[in-house]
Structures are given as structure tokens and as C-alpha cells.
1. Rounded, prolate or oblate for region 195-305? Axes are the square roots of the Cα gyration tensor eigenvalues, ordered a ≥ b ≥ c, and the cut-off for rounded is a/c under 1.5.
2. Which whole-number value in Å³ per residue fits the convex hull of the alpha carbons of region 74-175?
3. Which shape class, rounded, prolate or oblate, goes with region 23-143 when its Cα gyration tensor gives a ≥ b ≥ c as root eigenvalues, a/c under 1.5 marks rounded, and past that a/b bigger than b/c marks prolate?
4. Straight-line reach from Lys223: which aspartates and glutamates have Cα under 12 Å away, leaving out those fewer than 8 places along the same chain?
5. Pairs of Cα atoms under 8 Å, at least six residues apart: use those to get the relative contact order of the chain, whole percent.
6. So what J values fall out for region 48-53 if you push phi through Karplus, 6.51 cos²θ - 1.76 cosθ + 1.60 with θ = phi - 60°, rounded to Hz, Gly and Pro as x?
7. To the nearest Å, what is the center-to-center distance of region 74-150 and region 165-205, using C-alpha atoms only?
8. What is the set of long-range amide H partners of Ala210 at a cut-off below 5 Å, with H atoms built 1.01 Å from backbone N?
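Bear in mind these aren't lab numbers, they're just calculated from the coordinates by the rules spelled out. The model shown is predicted, which means the values in this text are computed figures rather than measured ones. Glycine also receives a Cβ, built like all others from the backbone with ideal geometry; neighbour counts cover every protein chain displayed.
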Amino acid sequence: MTGIRKIHKAAFFYEIAGPFKIDEVPTSEEVPPYGLLVKTRSVGICHSDLHLWQGDYKSIGLPKSLPWIVGHEIVGTIAKKGSLVPESLREGTPVLVYAWQPADENDEIVAEGYTQLASRRRRYAFDIEGGLQEYIVVPHYKYVIPLEGFEEIESIAPLGCAGLTTYNAVKKIRKYIRPDDYILIVGLGGLGIYAVQWAKVLLPEANIIAVDIREEALQFASKIVRDVVYTKVNANTIEIINKITKGRGVRAVIDLVSNNNTVPIYSKILATKGVYNLVGLMGHEVTIPTQILIRKEIALITTYTGSLADQINVIKLAKSNKINYKEIISERFKFTEEDVNKAFNKLKEGKILGRGIIVF
């Protein structure tokens, strides 16, 4: 493997919520015929990685073993390609890795286009070890999206999950929205600022309200996305939203938190025939106010990341400057033990506004 080290560095955690340690692992010398070896350039720090590290997913058998490598928002360059990879994908080409790969291409749901919902999955950081390492193998070239033409590729990494998930979430509510309707986006953390931007791109005829419990998050978002009503959550939030909508309520809620502090409250301000989209994974179980939902015929839907086709569209829209993906990155960390631990602890403490990335 000319120019490729036989041993590379990877960041492991050896116990739940324990410190990350960087150790050496063998670099794969075998690349599948349709596959690629990608040299990592940056990895986004996602709350799902935080949940894995903290043990929040133990009830569903994740992480699968210890030690483990997290990281599923991955940008890199092609270091080596399989014999059947097209000439158009050259070594050195910058790419985003689509993390939500199926393990079985013959899966019926995959054939329908829902790659992220395969019965058997090969998701980085969840089903296989993630991208917080210097090289990863991608089994098929169709699961990378070339990033040629971008000025700076490291900031693109969170579009592989945060940007993708929120794009799909907004896309799903489009059929419910009429001109001049109101949309409520709950939570302005790592996903919320992308969601606000996608709402402006995909639903330009709608009015957008965004809420968060943190004043600093509202201030950060307002500098990136204008012409949005930003409101801090307090005891009068429902009254404030009703005043903004002149008593009409909101046609759609995109809930990026989805716990018992959000669902029972914000479902009450939905207009008749509205839609509540559960996206966040911050609550394991939530109370659904069925009396309200049924009497108003509210649609309850969910969003789990996005398909490969969605991912391709996200990158196309980013390339045409439809969204600001650069200023969302508020913190950049180095791929060192000190910085990886610092990054995850800051995310745990809620001290990262927008999105943080680890740069190799």
C-alpha cells in the first residue's frame, strides 16, 4: 500500500463513559472490488455518539463490544480503490461517507429507497466501528459522495447526520404545509440550526418559529439564520406562540428533543390536521396526548436520519450555497487524546453551540 501506513491511529473508549484513548490498529490491506479505503479528514461530534459512549443505548445492545470506536459523520479522501471502482473516483478525491449503509442490498425496504431503514444495517459507530480513526473501509463506492468544488471540506462532516436528518424531517412535513402556515422547530442544538435552514429552503412560504431553553443557543442561531422568530422556553411559551400565530396555532412541529418536556406541551398548539414529527432521541419514552391528537386528526410521524438519495441532495444543496454549513461549526478539535476527551465532555455539558468537529 504505497503511501498508506500499515498501522493507523484510532480513538477507543474501553469502558462506558470512560476516557478515550488513542491506540494503533492495522490498516486494511484488502479493499473490496467495489470498495474504497478512505483517509479520514474530519468527523462530526454527534449526540448519538455521546449516547453510545455514555451507555444510553445499552438496552438495545449498543455498543456491541468494548473497546469501541464512535463517529459516523465522516469526511475524507480516497486513499485506495477497488478494481471495479469507476475511473471518475480517483485517489485523492474528497468524499463524504454515507454512514447509514444496509448490510443486505436485497432488502425489500432498501429496494424502495429507504437505505437507512434496512432490516440488517452496517452503520458506522453503531453496527461497525466508527470513523474516529485515520482510515476506514467503505464496501461500495456508491456510499461516498464526492466533494469536489467545495472550498473547505472539513465543515461538511455533520451533513452526514445532522444535516441529513433535518433535511428529511423538513421534507416529510411539506405535504401538510399551506402558504403562510407556521412551523415550530423545538431545540436549537446540533440539529436545530440545520432544520431552520432547511425549512427556509424547502418551505419558503411558511413562517418559522424556533424555541430552545438556552439563550446562548438562540443568539447563536439568530446570527446564522435570519427572518425566524426565536423564543426562549419559559412558563409562557405556549401563550407567546399563540400570540405570534394569532391563535391559529402551528401547522407542524419538528421536535429535535422528543421527551416529556416537549411532546405533551407542543402538541397542544398544533392546528387541526397538523403534523408532529418526532426526530430527537433525548427521551426513551414519551407521553402522547391522544385526546388532543385524535380530536384534531393530528398526524404523528417520525424521522430516522435520511436515505442515500437524501444525502446526495443535501450535498448538492450545500454546494449551491443553499445553507450555511460553515458557520454552524463553532468548535474544531484535534485528533489527540486530550482534544477528543475535551470534545465529548463539552458536548455532554451542553457547552458546544451549533456543531463541533474533530479534524485530522
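1. Since a/c stays below 1.5, the shape of region 195-305 is classed as rounded.
2. Details: hull volume 13.6 nm³, N = 102.
Looking at region 74-175, the number lands at 134 Å³ per residue.
3. Oblate, because a/c is 1.5 or more while a/b does not exceed b/c.
4. Here the aspartates and glutamates satisfying the reach criterion relative to Lys223 are Glu327.
5. Values: 786 pairs, mean separation 64.9, N = 360.
Once normalised by length, the contact order is 18 percent.
6. Here the 3J(HN,Hα) series is 5, 5, 4, 4, 4, 4 Hz.
7. 27 Å
8. Ile185, Val229, Tyr230, Thr231
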